[in-house]
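To start, the structure itself, in structure tokens.
The values are calculated or read from the model by the stated rules, or taken from the named source; none is laboratory data. Because the structure is a prediction, the values reported are computed rather than measured. Backbone-built Cβ (ideal geometry, glycine too); neighbour counts: all protein chains shown. For accessibility, only protein heavy atoms count, side chains too; no ligands or nucleic acids. Shrake-Rupley method; radii C 1.70, N 1.55, O 1.52, S 1.80 Å.
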Amino acid sequence: MLDTQAIEKKWQKRWDEAKIFEADADKKKKKFFGTFPYPYINAFPHIGHLYTIMRVDSFIRFKRLQGYNSLFPQGWHATGSPIITSAKRVKEREKKQVSIMKSMGITEEELSKFEKPEYWIDYFAPEFEKDLRGMGLSIDWRRNFVTTSINPHYDAFIKWQFRKLKEKNYVVKGKFPVVWCPKCNTAVSDHSRSKGEGETTQEYVLLKHKLEGSGDLLVSATLRIETILGITNVWANPDIKYVRAKVNNEIWIISKEASEKISEQDRKVEIIENISGKDLIGKKAQEFNGKKVLILPGVFCVADKGTGIVHSVPSDSPDDWIALRDLQENPTMCEKYRLDYREIEKIRAIPILDTPGYGDMPAMKLCEEYGVTSQKDKRELEEARKALYKKSFYESTMNSLYRNFLGKNLEGMRVTQAKDIIKDEMLKQGCELFFELTGAVVCRCLTSCVPRIVTDQWFMAYGDYEWKHKAHECLNQMKLYPDKVRQQFEYVLDWLRNWACTREEGLGTKLPWDDKWLIESLSDSTIYMAYYTISHLIEKIDAAKLDDEFFDYVFYGKGNLPSLSAKYGVTSDALKEMRQEFDYWYPLDYRNSGKDLVQNHLAFFIFNHVALFPKEKWPKEIGVNGWVTVDGQKMSKSLGNMIPLRDMSEKFSVDAARFTILSGGEGLDDPNWDSSFASAFRQKLEQFHEFCLENYGKGRDAHHEIDAWMESKLYQIIYDVENALNETMFRTASQLLFFEIQQAVKWYLKRSNGEPNKVLMMKIIESQLIMLSVFSPHICEEIWEKIGKKGFISTADWPKIEVKKIRKELDVSEEIIKNVLGDISSVLKLIKKEKAEKITLFVARPWKYKLFGIVKDVMKDTMNPKIIIQHVMEDESMKKHGKDISRFLPKLVGRMPQFLDSDEEELKILHNAKKFFENEFNCSIELIKASSSGHTKALAAIPGKPAILVE
Ligand SMILES: [Zn+2]
């Protein structure tokens with residue numbers, strides 16, 4: 001057995017000594033700069049990190065082979081509360097935390113050190129580096145760093161960033177809704193949650209309907225204020241309790257739950273009395289424009305959602321449409337609530353918007369489309385609602401009812417635009433804002449979070465119109481892997497509003513102008529890729545001296561070099577080098593992360609780059625991927641399947657592990673780690689090692705016909721691998737460059753009687769090694785060296801393709817030969833004959849080739865045998881074979897063999913393989929055209945599948 005661990009260590013050491021992954025600015029070379037989000041360092045890296053980081057390493061290795069000066073730096077994230085919280089829990093010797101520490105191999109004596117948050121960084125940063133080095137990642141380790149004030153240089157960089165943002169009014173203080181933990185008394189960002197990552201506050205408008213005969217206001221909450229002119233009635237649930245409450249200076253009728261939420265949102269609330277929903281039914285309410293509508297029973301109104309009161313817009317809300325229809329078809333129900341059925345019957349939906357494809361009554365149409373027949377079809381209803389909401393938001397326009405909306409002409413305007421205008425007008429009319437969470441959020445302290453309006457928090461103004469516009473501009477020019485994710489990015493950029501960017505507790509950088517605040521972890525991690533370009537050089541400067549002028553020089557080229565040099569106590573050349581490093585490596589070429597970061601980190605990454613850098617320095621490509629599952633199961637601590645990276649080498653070998661994770665999936669699918677595949681692949685790599693050493697440099701000098709096929713196949717695979725890698729389709733590439741080549745080589749050796757062309761075989765092995773080194777670099781280096789190649793394979797040249805040698809027609813002939821070989825074997829088995837005296841192959845009659853040509857064309861449009869036969873019969877020459885055709889053609893649909901254009905051609909191919917067949921079956925082979933034979937067997941021959949007669 002190969003000592004894979006020794007091989008890994010050997011090559012990691014050699015790479016390190018030769019510094020092959022250390023990349024410096026070099027104007028003469030094209031460059032590629034890719035990054036993986038710096039991980040949070042409060043535990044060892046595990047298999048969950050592996051997939052994403054491998055997508056970066058392999059992409060960079062590929063680019064390096066293609067001749068790019070390639071940079072892959074890596075830093076560590078320590079900002080925020082997780083480390084502090086864990087340290088606290090260690091201090092309290094909390095059981096669960098102590099067992100986590102023990103499971104990481106930390107001893108009782110060491111434990112007390114982890115009471116100090118800083119120690120976590122000192123401990124885990126080197127451990128992370130060790131583990132990632134162990135995975136053979138091609139990282140330039142000179143550039144690694146850690147965040148927070150522990151690193152005063154990075155601290156100065158973040159302060160620069162925030163002062164710049166503030167100058168542009170992108171960091172603002174004000175009254176904003178946040179996700180709030182009542183126990184911690186702080187806003188809770190994504191990474192400080194134990195549940196509800198990505199959930200946020202959602203803005204509703206509260207609409208007030210004046211109850212007839214009193215000054216009380218029935219208050220409903222809506223996400224779709226633009227539909228206000230379509231209101232036909234108000235819904236109240238007869239079965240729930242409402243309250244009459246004094247809210248600031250008005251009397252509101254809302255659910256009790258709503259009154260509690262509302263009191264968290266900067267309002268004074270005093271409950272006067274409880275009232276029953278039943279008492280509201282049948283009364284009338286007056287809308288803002290004087291129109292009077294009925295209050296009807298709506299059992300779907302929920303007390304803890306919105307206000308428990310819903311206004312009804314049946315034209316554009318599937319829920320309202322179906323609820324109204326249910327009521328209109330149910331006179332008994334009307335009687336029950338003492339409603340005048342004739343009056344209910346008369347209520348008609350009011351068309352207000354034009355929705356492409358759905359006209360002016362989209363709710364009705366969508367209910368039909370999704371099969372909603374009553375309110376009981378909850379799932380269908382939800383789908384219809386979602387579909388309409390999205391469609392309406394992006395595509396609907398306001399109809400003529402909005403020609404004069406409070407003095408404004410909104411007719412023909414898109415909903416996206418009209419929405420904000422109507423909202424602003426309605427706020428002037430006394431409507432108010434209200435916030436709900438988009439989903440349940442639980443803080444790390446295990447308390448449920450609520451939306452809350454805070455007044456003294458600092459925010460990133462991601463709602464700023466111009467800023468958003470620029471962010472979109474950047475997105476538009478970006479390449480995304482896969483492009484499917486673009487819509488999600490667009491949605492997020494549109495929907496992001498103010499983002500609370502400071503915390504009172506945790507590790508991090510202090511807000512430069514208000515040091516009671518620390519910058520939170522998703523806000524100090526947006527442009528640090530720029531910091532990588534100088535992180536290994538900046539330490540020459542005393543951190544205490546670093547100020548904005550320094551960063552303005554490095555990033556913008558501003559300032560006077562001699563005076564800067566004097567100020568910072570370094571040479572002009574040292575400063576110039578930093579400027580050049582940034583200018584050369586930026587823009588960032590590729591950033592890759594898991595799909596969960598689209599909605600925060602990756603969006604912020606775009607926003608902050610466009611805010612701080614000129615267009616030519618905006619990031620170019622983003623890759624997004626799914627979440628790792630382990631042997632088909634979700635990865636989780638409780639399942640114990642989060643394999644630490646440090647175990648990979650021993651359990652599977654690093655090369656097999658790297659290959660396995662990348663072949664586990666691609667695109668946005670969740671990749672699966674398959675342990676048994678990894679173990680099997682380790683063996684395969686060993687066999688591959690053996691194969692290369694045995695076959696490299698051996699073989700014949702002469703050229704045989706089959707060599708052309710092999711060469712064509714090799715170039716085709718290289719070409720396909722290159723395309724797949726260019727699109728980060730690593731799974732596809734892995735299959736091609738390992739299994740598909742192996743299969744081809746197996747066939748080639750069989751066809752060459754075990755004696756391949758020497759030069760070609762060397763080319764195959766070298767090409768495969770170079771491609772495989774993207775995935776499994778250690779063993780490839782080892783073989784590369786053993787077969788006598790000079791230099792590292794990691795810095796070799798990507799194999800060159802001779803496009804004109806790719807000849808697809810050779811594939812067809814080999815395919816036919818392969819099939820004939822298989823068919824003969826099957827026949828021999830069937831008649832239980834081990835050895836034949838003679839085998840005759842009949843090549844099909846000429847008209848069948850013509851038939852196949854027609855069928856192949858028709859099959860592009862249909863797989864229906866009947867229609868195919870109809871098409872075929874349109875051809876005069878086919879009519880006389882009608883009977884034959886209708887007998888065998890249906891069997892062929894969808895699985896036609898590869899075939900050539902004529903019996904002549906097929907005969908020639910078989911003739912070339914005659915000797916091969918004779919060797920394989922150790923008997924004589926006769927080739928006959930069916931057209932020149934009277935044998936009944938000959939009738940069975942079809943193109944690509946000669947009939948076989950064994951004697
Ligand atoms: Zn909390």
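Which residue is most open to solvent (accessible area, probe 1.4 Å), if the candidates are limited to region 908-951 and must be acidic (Asp, Glu) and either over 50 Å from the mean Cα position of the chain (by Cα) or modelled with pLDDT under 90 (or both)? Restricting to residues being acidic (Asp, Glu) and either over 50 Å from the mean Cα position of the chain (by Cα) or modelled with pLDDT under 90 (or both), the top hit is 951. State yes or no: is residue 638 assigned to a loop (DSSP other than H, G, I, E, B) and polar (S, T, N, Q)? Criteria met by residue 638. Here residue 31 clears all of (1) open to solvent by less than 20 Å² (accessible area, probe 1.4 Å); (2) modelled with pLDDT of 95 or more; (3) of a type outside the set (S, T, N, Q) except the condition numbered (1).
Residues are listed down the side, and each one gets a yes or a no for (1) in contact with an Asp or Glu (Cβ under 6 Å, 6 or more places away or on another chain); (2) crowded, with 20+ Cβ neighbours inside 10 Å:
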| position | (1), (2) |
| --- | --- |
| 756 | no, yes |
| 768 | no, yes |
| 771 | no, yes |
| 780 | no, yes |
| 793 | yes, yes |
| 808 | no, no |
| 811 | no, no |
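Restricting to region 590-614, name every residue that is of a type in the set (D, E, K, R) and either open to solvent by less than 10 Å² (accessible area, probe 1.4 Å) or without any contact (Cβ under 8 Å) to a residue 24 or more places away in the chain (or both).
Matches in region 590-614: 591 only.
Only one of the listed residues (645, 597, 575, 639) is among the hydrophobic types (A, V, I, L, M, F, W, C) and more than 30 Å from residue 103 (Cα to Cα). That residue is 575. One residue stands out in region 182-210 among those that are within 15 Å of residue 442 (Cβ to Cβ) and in contact with a helix residue (DSSP H, G or I) (Cβ under 8 Å, 6 or more places away or on another chain): the one that is nearest to the ligand (Cβ to nearest atom), namely 192.
Residue 542 - would you say it is surrounded by fewer than 20 Cβ atoms within 10 Å (Cβ to Cβ) and within 18 Å of residue 572 (Cβ to Cβ)?
Considered against the rule, which asks whether it is surrounded by fewer than 20 Cβ atoms within 10 Å (Cβ to Cβ) and within 18 Å of residue 572 (Cβ to Cβ), residue 542 comes out as yes.
Only one entry of 199, 260, 203 meets the criterion of being assigned to a strand (DSSP E or B) and open to solvent by 20 Å² or more (accessible area, probe 1.4 Å), and that entry is 203. Considering (1) buried (at least 21 other Cβ atoms within 10 Å of the Cβ); (2) of a type in the set (S, T, N, Q); (3) at positive phi, the lone condition that residue 734 does not fulfil carries the number (3). Just one of (1) more than 22 Å from the chain's Cα centre (by Cα); (2) within 27 Å of residue 623 (Cα to Cα); (3) part of a strand (DSSP E or B) fails for residue 480. It is (1).
For residues that are in a loop (DSSP other than H, G, I, E, B) and more than 47 Å from the chain's Cα centre (by Cα), scanning just region 864-907, find the one that is farthest from residue 820 (Cα to Cα). Break it down stepwise before answering.
Of the residues in region 864-907, the ones in a loop (DSSP other than H, G, I, E, B) are 864, 874-875, 880-881, 893-902.
Pick out the ones that are also more than 47 Å from the chain's Cα centre (by Cα) and you get 874-875, 880-881, 902.
Values: 874: 32, 875: 30, 880: 29, 881: 25, 902: 17 Å.
Within region 864-907, the match that is farthest from residue 820 (Cα to Cα) is 874.
Between a residue in region 106-123 that is closer than 14 Å to residue 78 by Cβ and any residue that is assigned to a helix (DSSP H, G or I) and open to solvent by 60 Å² or more (accessible area, probe 1.4 Å), which pairs come within a Cβ distance under 6 Å, given they are 6 or more apart or on different chains? What qualifies is 119/113.
Would a scan of region 578-585 turn up a residue that is modelled with pLDDT of 95 or more and touching a strand residue (DSSP E or B) at 6+ places or on another chain (Cβ under 9 Å)? Looking for residues that are modelled with pLDDT of 95 or more and touching a strand residue (DSSP E or B) at 6+ places or on another chain (Cβ under 9 Å), one finds at least one in region 578-585, hence yes.
Inside region 67-159, counting only helices (runs of 4 or more DSSP H) that do not spill past its ends, which hold 2 or more residues that are at pLDDT 95 or above? Per the criteria, 117-134. The numbered conditions (1) under 30 Å from the mean Cα position of the chain (by Cα); (2) among the small types (Gly, Ala, Ser); (3) away from the ligand (no atom under 16 Å from the Cβ) are all true for residue 221 except (1).
Could you tell me whether residue 519 is away from the ligand (no atom under 16 Å from the Cβ), open to solvent by less than 20 Å² (accessible area, probe 1.4 Å) and in contact with a Gly (Cβ under 6 Å, 6 or more places away or on another chain)? Criteria met by residue 519. Against the numbered list (1) assigned to a helix (DSSP H, G or I); (2) touching a Leu at 6+ places or on another chain (Cβ under 7 Å), residue 775 comes up short only at (1). Residue 212 meets each of the listed conditions (1) farther than 17 Å from residue 457 by Cα; (2) buried (at least 16 other Cβ atoms within 10 Å of the Cβ) apart from (2).
Checking the structure you have, find out if any residue of region 702-714 is surrounded by 15 or more Cβ atoms within 10 Å (Cβ to Cβ) and within 29 Å of residue 671 (Cα to Cα). The answer is yes, given that some residue of region 702-714 is surrounded by 15 or more Cβ atoms within 10 Å (Cβ to Cβ) and within 29 Å of residue 671 (Cα to Cα). Restricting the first member to region 165-186 and to residues that are more than 23 Å from residue 470 (Cα to Cα), and the second to residues that are more than 16 Å from the ligand (Cβ to nearest atom) and outside any strand (DSSP E or B), the beta-carbon pairs closer than 7 Å and six or more apart or on different chains are 179/200. Scanning region 234-246 for residues that are under 43 Å from the mean Cα position of the chain (by Cα) and not in a loop (DSSP other than H, G, I, E, B) returns 234, 235, 236.
Here is a yes/no grid of residues against (1) away from the ligand (no atom under 16 Å from the Cβ); (2) open to solvent by 10 Å² or more (accessible area, probe 1.4 Å); (3) at pLDDT below 95; (4) touching a strand residue (DSSP E or B) at 6+ places or on another chain (Cβ under 7 Å):
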site: 437; (1), (2), (3), (4): no, yes, yes, yes
site: 459; (1), (2), (3), (4): yes, no, yes, yes
site: 478; (1), (2), (3), (4): yes, no, no, yes
site: 491; (1), (2), (3), (4): yes, yes, yes, no
site: 499; (1), (2), (3), (4): yes, yes, yes, yes
site: 506; (1), (2), (3), (4): no, yes, yes, yes
site: 525; (1), (2), (3), (4): yes, no, no, yes
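Out of 145, 176, one residue alone is away from the ligand (no atom under 16 Å from the Cβ) and open to solvent by 30 Å² or more (accessible area, probe 1.4 Å). It is 176.
Per the conditions (1) more than 46 Å from the chain's Cα centre (by Cα); (2) buried (at least 21 other Cβ atoms within 10 Å of the Cβ), the sole criterion not satisfied by residue 355 is (1). Across region 819-863, the number of residues qualifying as among the basic types (Lys, Arg), surrounded by 18 or more Cβ atoms within 10 Å (Cβ to Cβ) and outside any helix (DSSP H, G or I) comes to 1.
Number of residues in region 120-137 that are within 13 Å of residue 644 (Cα to Cα) and open to solvent by 40 Å² or more (accessible area, probe 1.4 Å) equals 1. Among the residues making up region 439-457, those that are more than 9 Å from the ligand (Cβ to nearest atom) and either in a strand (DSSP E or B) or of a type in the set (A, V, I, L, M, F, W, C) (or both) are 440, 441, 448, 450, 451, 452, 453, 454, 455, 456, 457.
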